[in-house]
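The values are calculated or read from the model by the stated rules, or taken from the named source; none is laboratory data. Being a predicted model, the structure only gives us computed values, none of them experimental. Backbone-built Cβ (ideal geometry, glycine too); neighbour counts: all protein chains shown.
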């Protein structure tokens, strides 16, 4: 299957700082990438959908000024958690779909964010 | 609207026994159905999918799932479970006309030696 690489896998930051998470499709072009948040022992919550070259579409209740998403190329999307607070601590996962009509999404390995 | 239900939070089986993880879904149109597995602190790995055609779908690591339209179910099965199958399993659905995946709450599978 296609490979999606997410970096970093773990990050600890101080409250008030910003953290950037990268999601790359390594062997395919992804017109659409998705960002999820997962709380312990819970399902994935879709935060936003990013399309290459356009603004991200955020789900209801997700603060777009706090979670900045950029999809500058067909292989890279970034999620920046701005002015992070301890309640932003979570597991963040990205996924990507192939440019052509292939139905399944491929997921990155996730990023464990801890804000202290 | 689309949704997925995984009625069991946990499934415990002995190694070598059959494993079943249940999933029911709701979509307005025709569904695309998926199973993913997640190991601790990792992303999701794709196991199998149903798009159209044969109701019995075979996937990775010996897993299979049966699409049942009348019962709106897509249960995941493995004839003989391994300890290494212990993980968190997610069922997901996407309406053909939608780009978003909806996930179930997840089922934790524990296979004891």
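Summed over the stretch B:35-54, the residues that are outside any strand (DSSP E or B) and either over 16 Å from residue B:108 (Cα atoms) or away from every other protein chain (no Cβ under 14 Å) (or both) give a count of 4. Here residue A:75 qualifies as surrounded by 15 or more Cβ atoms within 10 Å (Cβ to Cβ) and away from every other protein chain (no Cβ under 14 Å).
With respect to residue B:32, determine if the residue is within 12 Å of chain A (Cβ to nearest Cβ), in a strand (DSSP E or B) and within 26 Å of residue A:2 (Cα to Cα). Answer is yes for this residue. In this structure, residue B:93 does not qualify as out of contact with any helix residue (DSSP H, G or I) (no Cβ under 6 Å at 6 or more places or on another chain), more than 12 Å from chain A (Cβ to nearest Cβ) and at negative phi.
Residue B:57: in a strand (DSSP E or B) and in contact (Cβ under 8 Å) with a residue 60 or more places away in the chain, yes or no? No: the conditions fail for residue B:57. Would it be correct to say that residue B:5 is more than 30 Å from residue A:5 (Cβ to Cβ), within 14 Å of chain A (Cβ to nearest Cβ) and out of contact with any helix residue (DSSP H, G or I) (no Cβ under 7 Å at 6 or more places or on another chain)? Considered against the rule, which asks whether it is more than 30 Å from residue A:5 (Cβ to Cβ), within 14 Å of chain A (Cβ to nearest Cβ) and out of contact with any helix residue (DSSP H, G or I) (no Cβ under 7 Å at 6 or more places or on another chain), residue B:5 comes out as yes. Any idea which residue in the stretch B:52-67 is nearest to residue A:40 (Cα to Cα), counting only those that are surrounded by fewer than 12 Cβ atoms within 10 Å (Cβ to Cβ) and modelled with pLDDT of 95 or more? By that ranking, first place goes to B:58. Within the stretch A:6-19, being surrounded by fewer than 17 Cβ atoms within 10 Å (Cβ to Cβ) and on the phi < 0 side of the Ramachandran plot holds for A:7, A:8, A:9, A:10, A:12, A:13, A:14, A:15, A:17, A:18. Screening the stretch A:47-116 for strands (runs of 3 or more DSSP E) wholly inside it with 2 or more residues that are farther than 19 Å from residue A:2 by Cα and more than 11 Å from the chain's Cα centre (by Cα) returns the ranges A:111-115.
Total residues in the stretch A:20-46 satisfying the condition of being outside any loop (DSSP other than H, G, I, E, B) and either surrounded by 18 or more Cβ atoms within 10 Å (Cβ to Cβ) or facing chain B (nearest Cβ under 10 Å) (or both): the figure is 14.
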